[in-house]
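Presented below is the structure to which this report refers.
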Amino acid sequence: MPKAYWIAHVTVTDPESYAVYAAGTAAPFEKYGATILARGGAYHALEGPDHPRNVVIEFPSMEAALACYRSEEYQAAREHRLEAGIPHITIVEGV
């Protein structure tokens, strides 16, 4: 079964609320076997709109990635992100 990758590009507009969101994701990410491969850090935007926060999270499968996103725990954390930034989030299956 191929792994899956949660890819997020975010412009944070409210750092305090976003920090609450980020802290709230720890438990669901652990529960669904996530490994954070990139979160913030240096980047080079080469094409398309620029978002200063870029995140790549590996999951053991597409099912685990989707279950994490849909979980009550993640959705509770997500409530803090809704007004805290402009996100673009995609889950993609690995090869």
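When Pro49, Pro87, Pro2 are screened for being surrounded by fewer than 13 Cβ atoms within 10 Å (Cβ to Cβ) and touching a strand residue (DSSP E or B) at 6+ places or on another chain (Cβ under 6 Å), only Pro2 passes.
Quick check, is Glu30 part of a loop (DSSP other than H, G, I, E, B) and of a type in the set (D, E, K, R)?
Numbers: part of a loop (DSSP other than H, G, I, E, B): no; of a type in the set (D, E, K, R): yes.
Taking the combined requirement at face value, the residue does not satisfy it.
So that you can scan it fast, the table gives a plain yes or no per residue for (1) without any contact (Cβ under 8 Å) to a residue 60 or more places away in the chain; (2) among the charged types (D, E, K, R); (3) farther than 12 Å from Pro87 by Cα:
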position: Tyr5; (1), (2), (3): no, no, yes
position: Ala19; (1), (2), (3): yes, no, yes
position: Ala22; (1), (2), (3): yes, no, yes
position: Phe29; (1), (2), (3): yes, no, yes
position: Leu37; (1), (2), (3): yes, no, yes
position: Ala42; (1), (2), (3): yes, no, yes
position: Asp50; (1), (2), (3): yes, yes, no
position: Val56; (1), (2), (3): yes, no, yes
position: Ser61; (1), (2), (3): no, no, yes
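Annotation note: of Ile57, Ile89, Ile7, Ile36, the sole residue that is among the hydrophobic types (A, V, I, L, M, F, W, C), in contact with a Lys or Arg (Cβ under 9 Å, 6 or more places away or on another chain) and either on the phi < 0 side of the Ramachandran plot or outside any helix (DSSP H, G or I) (or both) is Ile57.
Using the structure shown, decide if Ser71 is under 22 Å from Lys3 (Cβ atoms), polar (S, T, N, Q) and in contact with an Asp or Glu (Cβ under 9 Å, 6 or more places away or on another chain). It is false that Ser71 is under 22 Å from Lys3 (Cβ atoms), polar (S, T, N, Q) and in contact with an Asp or Glu (Cβ under 9 Å, 6 or more places away or on another chain).
Test Leu66 against the criterion of being touching a strand residue (DSSP E or B) at 6+ places or on another chain (Cβ under 7 Å), surrounded by fewer than 16 Cβ atoms within 10 Å (Cβ to Cβ), modelled with pLDDT of 95 or more and part of a helix (DSSP H, G or I), and give yes or no. Yes. Remark: Val12 matches the filter, which requires a residue to be among the β-branched types (Val, Ile, Thr), touching a residue at least 60 places away in the same chain (Cβ under 8 Å), touching a Gly at 6+ places or on another chain (Cβ under 9 Å) and more than 15 Å from Val92 (Cα to Cα).
The values are calculated or read from the model by the stated rules, or taken from the named source; none is laboratory data. Predicted model only: the values in this text are computed from it and were never measured. Every residue, glycine among them, receives a Cβ derived from its backbone with ideal geometry; neighbour counts consider all protein chains shown.
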